[in-house]
Amino acid sequence: MAAATAEPAAPQDVVTAVAHKASATATSWASKAVQLPTRVVRALLSPSSGEGLLGLLPEFIRSWLPGWDTERDMPDMAAEQIKEEFPWAKLTLLQADMSSLKSVRQLADVFMSAGTSLHVLVNNAGVLAPGPFALTEEGFEQTLATNFFGPLYLTLLLAPRLRASAPARVVNVASFGEMFGKVHWDDLRGAKLESSGLRAYAASKLYLIMASRELNRRLRGTGVDVFPVHPGIVSSPGESKSDKRYLVSVTAFLNARLHGQSELRGALAPLFAATEPGLQGRGGAYIGPNQMGVQLFGWGGFNTGYGAPPARTYDTPRYRCPPSRLLTVALEDQASTVGR
């Protein structure tokens, strides 16, 4: 059987093929240029897009950035979805309203009665500008209740189990928004704030960092470390749900669209604090994207830098707010409410 042989391409055919390829490439770039305005709008307006404007750059350019996550999107995974992907996972779903100390106590009682060990507690629940000013049933401003008093109460109720399970860690998710906060000594509950916007949010995160530092001091030597963490600016459904009557809500929404990381990258700082072996015994360190909190268009560099908490959470003359006093007063205020 005679073997078929291919005819060599004529020079003019090669030139034509190259011309067609160049034309196709030019058409592709032109098409992308035409689509760019639409892509920009989508990146800015799409809730939980996790893109930021750097997401519009070609992949080969993004891959040069240190700490860039090439797989940006991560869907929400409820307990059943986790079990589907990881059939061997043993999960028990316990729910509580973190703005209600009564609900938090019920959750803690259920957990303690199960006799389960507890090596890591991540306090990640939080709200920003949840709505018009409102007090909880127990008399706390709703933001402070959810972001600070609820997680603090849960930590204290579970502290005996944490100590018994040592080595153990508590990770409190804070925010660079604490830089706008101040300690309201005459109104730690926030009942007189008359707003559930920036003042309440910033105060809640400042209190959380201060309480983390003092709680870590009190637990020193027990094998339990407490870490405040700053996840960076994260594009999540939270900004979309916040009350847009507050300027901070609008600003947070726009920042999340411009600079927001994916939820996966936002989780790196808490996960690092919870699992990194080298952090054992180094509780009190403040973990986040970088020392300055700088983040541009979805890239915050490495999310696992750590150091001392911001100086404003120390015993500074400007605030006159020693963490030990804040925690003591907060616990007394809490105890007067729940009787425990």
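Worth a mention:
Residues are listed down the side, and each one gets a yes or a no for (1) in contact with a helix residue (DSSP H, G or I) (Cβ under 8 Å, 6 or more places away or on another chain); (2) over 15 Å from ASN124 (Cα atoms); (3) without any contact (Cβ under 8 Å) to a residue 24 or more places away in the chain; (4) crowded, with 22+ Cβ neighbours inside 10 Å:
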position	(1), (2), (3), (4)
HIS230	yes, no, no, yes
LEU247	yes, yes, no, no
ALA267	no, no, no, no
ALA273	yes, no, no, yes
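- Exactly one residue out of GLY126, GLY131 is in contact (Cβ under 8 Å) with a residue 12 or more places away in the chain, in a loop (DSSP other than H, G, I, E, B) and more than 20 Å from PRO270 (Cα to Cα): that is GLY131.
Okay, residues lined up against (1) over 30 Å from VAL248 (Cβ atoms); (2) of a type in the set (Val, Ile, Thr); (3) over 17 Å from the mean Cα position of the chain (by Cα):
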position: SER99; (1), (2), (3): no, no, yes
position: ARG105; (1), (2), (3): yes, no, yes
position: PRO132; (1), (2), (3): no, no, yes
position: THR136; (1), (2), (3): no, yes, yes
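- Flag for SER165 being closer than 29 Å to SER113 by Cβ, modelled with pLDDT of 95 or more and polar (S, T, N, Q): yes
- Just one residue in the set GLU178, GLU138 is under 24 Å from LYS241 (Cβ atoms), assigned to a loop (DSSP other than H, G, I, E, B) and touching a residue at least 60 places away in the same chain (Cβ under 8 Å); that residue is GLU138.
- Qualifying positions in region 137-153 - surrounded by fewer than 21 Cβ atoms within 10 Å (Cβ to Cβ) and at pLDDT below 95: GLU137, GLU138, GLY139
- Residue pairs whose Cβ atoms lie under 9 Å apart, sitting 6 or more positions apart in sequence or on different chains, and linking a residue in region 80-96 that is closer than 23 Å to VAL110 by Cβ to a partner that is of a type in the set (Gly, Ala, Ser) and in a loop (DSSP other than H, G, I, E, B), are ILE82/ALA89; LYS83/ALA89; LEU93/ALA78; ALA96/ALA125.
- Failed item in (1) part of a loop (DSSP other than H, G, I, E, B); (2) closer than 22 Å to PRO231 by Cα; (3) of a type in the set (D, E, K, R), with ARG169 passing the rest: (1)
The values are calculated or read from the model by the stated rules, or taken from the named source; none is laboratory data. It should be emphasised that the depicted structure is a prediction, and the values quoted were computed from it without experimental measurement. Positions of Cβ are backbone-derived with ideal geometry, glycine not excepted, and every protein chain shown enters the neighbour counts.
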